[in-house]
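The values are calculated or read from the model by the stated rules, or taken from the named source; none is laboratory data. Values in this document were obtained by computation on a predicted structure and should not be read as measured data. Neighbour counts are summed over all protein chains in view; Cβ atoms, including those assigned to glycine, are modelled from backbone coordinates with ideal geometry.
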Amino acid sequence: MVDLEEIASRVIDTAMGVHIDLGPGLLESVYEQVLANRLRSQDLKVDRQMPVCTRIDGLDFPDAFRADILVQDSLLLEI
């Protein structure tokens, strides 16, 4: 079973480290790639730019938006 609190804590710590190491001013895609790489190095399953589908008023939107990062198939990150 996935312990979402533990995963969230690891992600926050890692994201803070990325912020401290890189500082402000880079493109979002740089932060996303570095964060994803650091999370993978912790043996976490990481998917980037995952399409998120939704249904509104009976209409399907297969790519309503893209999640920047999905961790362990359970935690969605928007950078």
Exactly one of Asp63, Asp68 is surrounded by 12 or more Cβ atoms within 10 Å (Cβ to Cβ) and in a strand (DSSP E or B), and that one is Asp68
Residue pairs, Cβ under 8 Å, 6 or more apart or interchain, first in segment 1-29 and in contact (Cβ under 8 Å) with a residue 40 or more places away in the chain, second surrounded by 12 or more Cβ atoms within 10 Å (Cβ to Cβ) and among the small types (Gly, Ala, Ser). List them. Val2/Ser74; Leu4/Ser74; Ile7/Ser74
Does segment 7-30 contain at least one residue that is in contact with a Ser or Thr (Cβ under 6 Å, 6 or more places away or on another chain) and surrounded by 11 or more Cβ atoms within 10 Å (Cβ to Cβ)? no
Here are some conditions: (1) under 11 Å from the mean Cα position of the chain (by Cα); (2) not in a loop (DSSP other than H, G, I, E, B). Ile79 meets all but one. Which one does it not meet? (2)
All positions within segment 29-57 that are modelled with pLDDT of 95 or more and either polar (S, T, N, Q) or part of a loop (DSSP other than H, G, I, E, B) (or both): Ser29, Gln33, Asn37, Ser41, Gln42, Asp43, Leu44, Lys45, Gln49, Asp57
Listed by first then second residue, the pairs whose first member lies in segment 30-59 and is closer than 14 Å to Met16 by Cα and of a type in the set (Lys, Arg), whose partner is at pLDDT 95 or above and surrounded by 13 or more Cβ atoms within 10 Å (Cβ to Cβ), with beta carbons under 8 Å and at least 6 positions apart or on separate chains, are Arg38/Thr14; Arg38/Gly17; Arg38/Val18
Pairs returned, first residue in segment 61-79 that is without any contact (Cβ under 8 Å) to a residue 60 or more places away in the chain, second residue that is outside any strand (DSSP E or B), beta-carbon separation under 6 angstrom, 6 or more apart or interchain, are Asp68/Glu32; Asp68/Glu78; Asp68/Ile79; Ile69/Ala36; Ile79/Glu28; Ile79/Tyr31; Ile79/Glu32
